[in-house]
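In what follows, a structure is listed as structure tokens, so that the remarks can point back to it.
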Amino acid sequence: MKAQLSKSWWFLLIKGLLFILFGGMLTFFPRETPQKMIFLLGLIILLGGVIILGLSMLNKKDNKDWGGLMTFAVIDIALGLFIMITPNVALKIVTILIGIWALLVGTYQLYSYFTTAKEKRKGSLSLYIGLLTILVGLLMVINPVPATIFMTIIIGILSLIVGVMLVGTSFKVRKMGA
């Protein structure tokens, strides 16, 4: 097992370097990275729509529901184009939706905390996590652009840390086999 693990040390190294590259992009280019990622999301949705449209046209004789597939494809194409043409607007919308989700999750966490018996909630972090989640959700809904940049930097820093840890682990695993 040890020898087998030590032979794949390079996998951990490559993964760590990719995390460092990704984290560096997010940390040092926090304004540009989300826009590029949302553009790529739009491109993926657009290409998926084009593929579904082509398949629905090719299978229209065999598939009775080809009209439904075509409608789905047209919606995907329109959404993909919208995201690609207006990445800033799409990014704001996505950030606001994530903010609304965070508000709902935080509210549920608070509800769960206060409906749990006092004896069982002793030592629980649910109250603090719920409040923090609601605070982050409010920030994302009220002011989505700075919230997106802030979250991008945080994710970038965490990715850098994980990348460095993976690179270090890869060398330790390599030494185990030597």
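A compact table of results
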item: Dimensions in Å of the range 36-85 - Rg and Dmax from alpha carbons; result: 11.8, 39
item: Span-rule helices in the chain, defined as complete DSSP H runs reaching 24 Å or more along the axis (Cα) with Kyte mean at least 0.0; result: 9-28, 32-58, 66-85, 87-115, 144-177
item: Debye log10 I(q)/I(0) for the chain, one point scatterer per Cα, at q = 0.10 Å⁻¹; result: -0.70
item: Restricting the range 8-57 to trypsin sites (Lys or Arg not before Pro) in coil, as DSSP defines it, with at most 14 other Cβ within 10 Å; result: R31
item: Projected label distance in nm at L127 and I51, using a 7 Å step from Cα toward the beta-carbon; result: 5.0
item: In nm, spacing of pseudo-spin labels at F28 and S112 (7 Å Cα→C-beta vector); result: 3.9
item: Segments 50-59, 101-110 sorted - mean Cβ within 10 Å per residue, highest first; result: 101-110, 50-59
item: Neighbour-limited loop hits for trypsin sites (Lys or Arg not before Pro), the range 138-175 (at most 15 other Cβ within 10 Å; DSSP other than H, G, I, E, B); result: none
item: Largest-first ellipsoid semi-axes for the range 97-178, taking √(5λ) over the Cα gyration tensor eigenvalues, angstrom; result: 35, 22, 8
item: Over the chain: helical MRE at 222 nm, DSSP H runs n ≥ 4 each giving -39500 (n - 2.57), nearest 500; result: -30500 deg cm²/dmol
item: Using alpha carbons only: equivalent-ellipsoid semi-axes of the range 37-135, gyration tensor based, whole Å; result: 43, 19, 8
item: Area accessible to solvent at F150, 1.4 Å probe radius, in Å²; result: 110
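The values are calculated or read from the model by the stated rules, or taken from the named source; none is laboratory data. Note that this is a predicted model, so its numbers are computed, not measured. Ideal geometry is used to build each Cβ from the backbone, glycine not excepted, and the neighbour counts take in all protein chains shown. Calculation scope for accessible area: heavy atoms of the full protein, side chains included, ligands and nucleic acids excluded. Shrake-Rupley method; radii C 1.70, N 1.55, O 1.52, S 1.80 Å.
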